[in-house]
Amino acid sequence: MKFNNYMGRYFEEKNNILYIDGVSAADLVKEYGTPLYVFSERAIRENCRSYKYSIEKNYNGKGLALYASKAFSCLAIYHIIAEEGLGADVVSGGELYTALKAGMDPSLIYFHGNNKTDDELRMAAESGIGHVVVDNREELIRLNSIAAETGRIINISFRIKPGIDAHTHEAVMTGQIDSKFGVALENGEAFEICDFARTLPNVNLVGVHCHIGSQIFDTEPFTAAAEVMINFMAELREKTGTELKELNLGGGFGIRYLPSDNHKSYEEFMSKVSAKIKEICKERDFPVPFVLVEPGRSIVGTAGITLYTIGSVKNIKNVRTYVSVDGGMTDNPRFALYGSAYNMDIATRLTDKKDTKVTVAGKCCESGDLLAKDIYLQYPVGGDILAVYCTGAYNYSMASNYNRIPRPAVALINDGESRIIVKKEKYSDLIINDVP
Ligand SMILES: *Cc1c(COP(=O)(O)O)cnc(C)c1O
């Protein structure tokens, strides 16, 4: 079999072994052990650049990509993002703390979330971050008074539900009216809150935001959302005289988890969306706003893989073969959460025939602790290294210590060199907050 390096050119096969930007998976495992998250730094940077490039091209640079850092948050990733000239979107005090500690320019940080606490809002105000994306009226009132206490005027936008069905998994669909995120357009809530914000002295309304969901392959929901949002901005101007300057279209661009996924380039999303924005702006005689996008998954997803060691291989006759690895839902809960499909290989026998039907299980005390069900793999033997592809997004950031399993290390690879950017947790880390 030929190795299908659909994750991009930094993932290669040499002598039947998986290489990540010049470093063999076998060597990484020898050096750092398993489970191990591995990222290609150059792949991450390339993804950042493709967004920058398309903002240059489609909006003459009048826009900004914010990395949605919930996809993978640690000091090193914020450094890379900042170096590439992207801003960051954070959704919690913890992400904000990490971004600030990494030295990110606070003015390029946007704070999101459907239920920000007073502490988080105060932290945002005091650190002078660029922008708070306000979710609801109650939060708006709290933010205004916290901003007043800290003597600041905070730039805000509102999270709006454009009423778009994004054709993705229900758990990651967020643009419809029945969603916990944001204010609705249909019932006039969005107009009311924008009008109300003008009466509050310590917030400065500059824009509107929407995020319709995640892992979306069609461009149509994005263009539909853009159309709804520009029309809203134009109507707001007509009704209230307020002309907003920023339109933040969120993230959600799908990535290729499986070779069979019908992936579109980000440039295709961006050019279609920008064409729609320009068209509607012209129709409504509205100035083209400053456009923000918030890619998370598509920056880090395909740049990362996870390496495991296979332990037991349990063949239950006429039922199935369970292949157990030394991690599972603690480092990748996505199969357990959404039944997400992953592609994987035995990392040292890449070109062998994938003719063995297996179910890949983790080591937690849960029958649902699986990474894949009934997939085909090279013939697995205990001690083999299993490489699971496209685990760069929503894996490390969703990891837990269930069963007191320490979180794995994260290795970053760049042109034949590897370094650890997050250390493996030690058993002693697990009891650090325990009070005897
Ligand atoms: C999750 C999220 C994103 C990023 O979504 P991806 O699918 O990872 O690109 C962007 N913006 C907001 C507000 C989000 O909640």
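Treating the stretch 42-298 as a set of equal point scatterers at the Cα positions, no solvent, please give the Debye-formula log₁₀ I(q)/I(0) at q = 0.15, 0.16 Å⁻¹. Those come out to -1.07, -1.23, one per q. Taking the convex hull of the alpha carbon positions in the stretch 220-301 and averaging its projected area over all directions gives 5.5 nm². Share of Cα-Cα pairs in the chain beyond 41 Å, in percent? That tail contains 20 percent of the Cα-Cα pairs.
With all protein chains kept in place, the per residue accessible area of the stretch 42-298 amounts to 39 square angstrom at a probe of 1.4 angstrom. Reducing the stretch 207-262 and the stretch 284-309 to their Cα centroids gives an inter-centroid distance of 13 Å.
Please work out whether the stretch 1-45 counts as rounded, prolate or oblate from its C-alpha gyration tensor, where a ≥ b ≥ c are the square roots of the eigenvalues and a/c under 1.5 means rounded, while otherwise a/b larger than b/c means prolate and anything else oblate? Note, shape of the stretch 1-45 comes out oblate.
Beta bridges per DSSP, both residues in the chain: antiparallel share near 45 percent. Taking amide hydrogens as placed 1.01 Å from N in the peptide plane, the amide H of A361 sits under 5 Å from those of V323, S324, V325, L371, each at least 5 positions away in sequence or on another chain.
Positive contributions from Lys and Arg (+1) and negative ones from Asp and Glu (-1), summed over other residues with Cβ under 13 Å from the Cβ of I385, come out at -3.
Nonpolar atom fraction for the chain, defined as the carbon and sulfur part of the 1.4 Å probe accessible area, stands at 49 percent. Within the listed set R42, R404, R122, the Gaussian network model of the chain (springs between alpha-carbon atoms below 10 Å) gives the highest mean-square fluctuation for R404. Between D326, D218, D285, the Gaussian network model of the chain with springs among Cα atoms under 10 angstrom shows the greatest mean-square fluctuation at D285.
Take every pair of alpha-carbon atoms less than 8 Å apart whose residues are at least six positions apart; their mean separation over the length of the chain yields a relative contact order of 19 percent. Between N248 and V208, H209, C210, L292, the built amide H atoms are under 5 Å apart, and every one of these is 5 or more places off in sequence or on another chain. Note on the chain: with a GNM built from Cα contacts shorter than 10 Å, the maximum mean-square fluctuation among H211, H79, H131 falls on H79. The Cβ shell under 12 Å around L75 holds other residues with a net charge of +1, Lys and Arg each +1, Asp and Glu each -1. What the phi angles of the stretch 307-319 give under the Karplus curve with 6.51, -1.76 and 1.60, with θ = phi - 60°, is a coupling list of 10, 10, 9, 6, x, 7, 10, 10, 9, 9, 3, 6, 10 Hz, glycine and proline written as x.
The values are calculated or read from the model by the stated rules, or taken from the named source; none is laboratory data. Not measured: the values here are computed from a predicted model. Every residue, glycine among them, receives a Cβ derived from its backbone with ideal geometry; neighbour counts consider all protein chains shown. All accessible areas refer to the heavy atoms of the entire protein, side chains included, with ligands and DNA or RNA removed. Shrake-Rupley method; radii C 1.70, N 1.55, O 1.52, S 1.80 Å.
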